[in-house]
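K.L.:
This structure is in structure tokens; I'll ask about it shortly.
Laboratory data are not the source of any read-out in this text; all were calculated from the coordinates shown. Fair warning: this is a prediction, and the values are worked out from it, not measured in the lab.
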Amino acid sequence: MTSDSAEAQRLRDLARLRRVRDRIDREYAQPLDVEALARGVNMSAGHLSRQFRLAYGESPYGYLMTRRIERAMALLRRGDLSVTEVCFAVGCSSLGTFSTRFTELVGVPPSTYRREAAQATAGMPPCVAKKVTRPVRNREAGAAQPQLA
């Protein structure tokens, strides 16, 4: 393969990865799995997972769960839904898995977050609250952001 054709293939793969990421952003509350995402862009699940991690620094499943937890944080800050209702609203099918992932990403259980977050972001515009409360995994806190050159 020449360097021009290799570069063209890399750009096509990046475009497909962006479509996968956009689909996750759009359909985070739907039942999504790596196989279904891969079929949507004509890639194998393994290849999609490897390429997605190279481009975005986390697996497609990790990215999906981060989106779900971000949305859950916003719903919990509103305070009008129970933790169970939020769990199912963001597409999780297991309250235990949701609570475990939420605690892993945010640092506190969803019930604690629900109690404390409304006070912490009171008076803040939603766009600012989303930015300052975005979950960051502990192991990623010091890592540089991935480059999509």
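K.L.:
Which far-off residues, 5 or more places away or on another chain, put their amide H under 5 Å from the one on G57, with H placed in the peptide plane?
P.N.:
Placed amide hydrogens put nothing under 5 Å from G57.
K.L.:
Rounded if a/c is under 1.5, else prolate if a/b is larger than b/c, else oblate: which is region 1-57, with a ≥ b ≥ c the root eigenvalues of its Cα gyration tensor? Numbers along the way, then the final one.
P.N.:
Values: a/c = 2.40, a/b = 2.11, b/c = 1.14.
Prolate.
K.L.:
Consider just the alpha-carbon atoms of region 50-116 and return their Rg together with their Dmax, both in angstrom.
P.N.:
12.4, 39
K.L.:
What length, rounded to one decimal in nm, is gained on full extension from Y61 through to D22, with 0.36 nm per residue of separation minus their alpha-carbon distance?
P.N.:
Answer, rounded to one decimal: 12.7 nm.
K.L.:
How large is ³J(HN,Hα) for each residue in region 21-26, as worked out from phi by the Karplus curve 6.51 cos²θ - 1.76 cosθ + 1.60 (θ = phi - 60°), to whole Hz, x for Gly and Pro?
P.N.:
3J(HN,Hα) across region 21-26, in whole Hz: 4, 5, 5, 4, 4, 6.
K.L.:
In whole Hz and in residue order, list the ³J(HN,Hα) couplings for region 5-11 that follow from phi through the Karplus curve 6.51 cos²θ - 1.76 cosθ + 1.60, θ = phi - 60°; x for Gly and Pro.
P.N.:
Those phi angles translate into 6, 5, 5, 4, 5, 4, 5 Hz.
K.L.:
Could you go through region 89-95 in sequence order and give the Karplus-derived ³J(HN,Hα) for each residue, using 6.51 cos²θ - 1.76 cosθ + 1.60 with θ = phi - 60°, rounded to whole Hz, and x for Gly and Pro?
P.N.:
Per residue, the Karplus-derived 3J(HN,Hα) values read 5, 8, x, 7, 9, 10, 4 Hz.
K.L.:
Amide H neighbours of C92 under 5 Å, counting only residues 5+ apart in sequence or on other chains, H built in-plane at 1.01 Å?
P.N.:
Here the answer is none, since no amide H 5 or more places off falls under 5 Å of that of C92.
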